[in-house]
1. Just give me the residues in region 36-45 being surrounded by 11 or more Cβ atoms within 10 Å (Cβ to Cβ) and either closer than 20 Å to Ala66 by Cβ or modelled with pLDDT under 90 (or both), in sequence order.
2. Collect the residues in region 69-95 that are among the aliphatic types (A, V, I, L, M), under 20 Å from Glu34 (Cα atoms) and either surrounded by 15 or more Cβ atoms within 10 Å (Cβ to Cβ) or modelled with pLDDT under 90 (or both), keeping them in residue-number order.
3. Output the residues belonging to region 1-35 that are modelled with pLDDT under 70 and among the hydroxyl-bearing types (Ser, Thr, Tyr).
4. Mind listing whichever residues of region 88-143 are of a type in the set (Lys, Arg) and either closer than 26 Å to Leu51 by Cβ or touching a Pro at 6+ places or on another chain (Cβ under 7 Å) (or both)?
Amino acid sequence: MMGRLRLFALLASLMLALPSAVWAQAAAPATPLEFRDAAERTRFQALTAELRCVKCQNQSLADSDARIARDLRNEVLVLIRQGKSDDEVKQYLVARYGEFVLYRPQVSPATWLLWFGPALLLLAGGFVVARIVARRGAARPAAGPAPEDTDQEW
């Protein structure tokens with residue numbers, strides 16, 4: 001009985017402590033990045049605009065407020081300062097997070113459906129519409145002069 005009471009007390013204290021830890025983490029302000037010059041800032045901003053936040057799905061690293069996005073922005077800046085090219089920075093992030101991190105994935109057999117799928121669907125839709133229109137035109141009787149009905153009186 002005493003063991004259950006201790007377990008309950010431990011769980012209750014954890015449940016009370018956890019929200020305050022989460023709140024403290026969420027409230028921690030992001031420290032602004034310091035750039036050496038305007039060229040470094042411009043390159044950093046262009047590169048982070050091309051990279052996707054791995055948590056936010058549809059936000060760039062530049063736009064995301066997620067903690068991992070802040071960490072990735074810091075990492076991108078470190079890589080830039082190490083003299084890595086933009087392609088090398090992208091390759092590094094792709095190696096760690098997959099091609100999802102790129103807004104414009106490379107054209108490869110694995111991404112052909114992504115690149116060419118919309119065009120194929122558009123062509124298939126146009127083909128279906130053309131066939132439907134052709135069938136309706138063929139099923140409709142040829143429009144000729146209306147037969148005269150002389151038996152009716154008006």
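The values are calculated or read from the model by the stated rules, or taken from the named source; none is laboratory data. The model shown is predicted, which means the values in this text are computed figures rather than measured ones. As a convention, Cβ positions derive from the backbone with ideal geometry for all residues, glycine included, and neighbour counts pool all protein chains shown.
1. Across region 36-45, the qualifying residues are Phe44, Gln45.
2. Ala69, Leu72, Val76, Leu77, Leu79, Ile80, Val89
3. Selection gives Ser20 alone.
4. Lys90, Arg96, Arg104
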